[in-house]
1. Checking Val61 against (1) in contact (Cβ under 8 Å) with a residue 60 or more places away in the chain; (2) surrounded by fewer than 16 Cβ atoms within 10 Å (Cβ to Cβ); (3) in contact with an Asp or Glu (Cβ under 9 Å, 6 or more places away or on another chain); (4) not basic (Lys, Arg): exactly one of these is not met. Which one?
2. Here's a check for you: in segment 34-58, which residue that is among the aliphatic types (A, V, I, L, M) and more than 16 Å from the ligand (Cβ to nearest atom) is surrounded by the fewest Cβ atoms within 10 Å (Cβ to Cβ)?
3. Taking the residues in segment 4-28 that are more than 16 Å from the ligand (Cβ to nearest atom) and exposed (fewer than 11 other Cβ atoms within 10 Å of the Cβ) as candidates, determine which candidate is nearest to Arg53 (Cα to Cα).
4. Output the strands (runs of 3 or more DSSP E) that fall wholly within segment 54-110 and possess 3 or more residues being modelled with pLDDT of 95 or more and more than 29 Å from Trp43 (Cβ to Cβ), or say none.
5. Assess whether Arg31 counts as being in contact (Cβ under 8 Å) with a residue 40 or more places away in the chain, within 16 Å of the ligand (Cβ to nearest atom) and in a strand (DSSP E or B).
Amino acid sequence: MSTRELTCVVCPGGCTIVVDVDDDETPVVTRIQGNTCPRGEAWARQEVENPMRTIASSVPVRGGDFPLVSVRTLRPIPLTKIREVMEEIRILSLEAPVEIGSVLLSSPAGCDTEVVATRRVKAAAPCAEA
Ligand code: SF4
């Protein structure tokens, strides 16, 4: 059994939430104190038992007006899957143009999310003849 102190990130209130955790095998929350609303309780339980994160990265683009496009997961993924998802992003290589919101990966590492482009990369203008 252990006690963890968390700062809730669900709203700007930033309540300090104290969680008692049974750490025998997988962490199980046994008591939550300090939250001032149910959303904080749900967040603290998930943060301890199955933490989730949204991840952002960038992917190279060939033939574009910018050499990289920023990408992110549409929905949070389990912390334990970040390495696998980052590996799938790392091997991506795109051809311009790329539109904002383009789905680049569906269900990466089996997660319930998509990896999408978060900026536009236009095709580079052709070079003028000399
Ligand atoms: S516990 Fe509720 S009020 Fe407090 S920071 Fe979290 S969401 Fe906001």
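1. Against the list (1) in contact (Cβ under 8 Å) with a residue 60 or more places away in the chain; (2) surrounded by fewer than 16 Cβ atoms within 10 Å (Cβ to Cβ); (3) in contact with an Asp or Glu (Cβ under 9 Å, 6 or more places away or on another chain); (4) not basic (Lys, Arg), Val61 comes up short only on (2).
2. Selected residue: Ala56.
3. Thr26
4. 56-62
5. Judged against the criteria, Arg31 is not a match.
The values are calculated or read from the model by the stated rules, or taken from the named source; none is laboratory data. What you see is a predicted model, and the numbers here were worked out from it, not measured in a lab. No Cβ is skipped: glycine too gets one built from the backbone with ideal geometry, and neighbour counts run over all protein chains shown.
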